[in-house]
Amino acid sequence: MNVWDILILAVVALCCVLAVRNIRSGRAGGCTGNCAACSQGCDRRERKS
């Protein structure tokens with residue numbers, strides 16, 4: 001393995017760690033289906049009657 005291989009493996013490992021941290025913190029992005037915990041566009045959302 002040369003320096004470039006180690007660098008690529010380090011970048012991939014860092015991306016995996018950041019993805020796991022993001023998922024565990026609850027900020028996966030987009031709609032998660034839990035409307036009660038959603039903070040996106042609450043003032044624009046219309047209530048269903």
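A few notes on this one:
- Of all residues in region 6-49, those satisfying the criterion of being at pLDDT below 85 and of a type in the set (A, V, I, L, M) are I23, A28, A36, A37.
- Remark: pairs (first residue in region 12-26, of a type in the set (S, T, N, Q); second residue outside any helix (DSSP H, G or I); Cβ separation under 8 Å; 6+ apart in sequence or on different chains) = N22/A28; N22/G29.
The values are calculated or read from the model by the stated rules, or taken from the named source; none is laboratory data. Given the structure is predicted, the values throughout are model-derived calculations rather than measurements. Don't worry about glycine lacking a Cβ; one is built from the backbone with ideal geometry, like all the others, and counts go over all protein chains shown.
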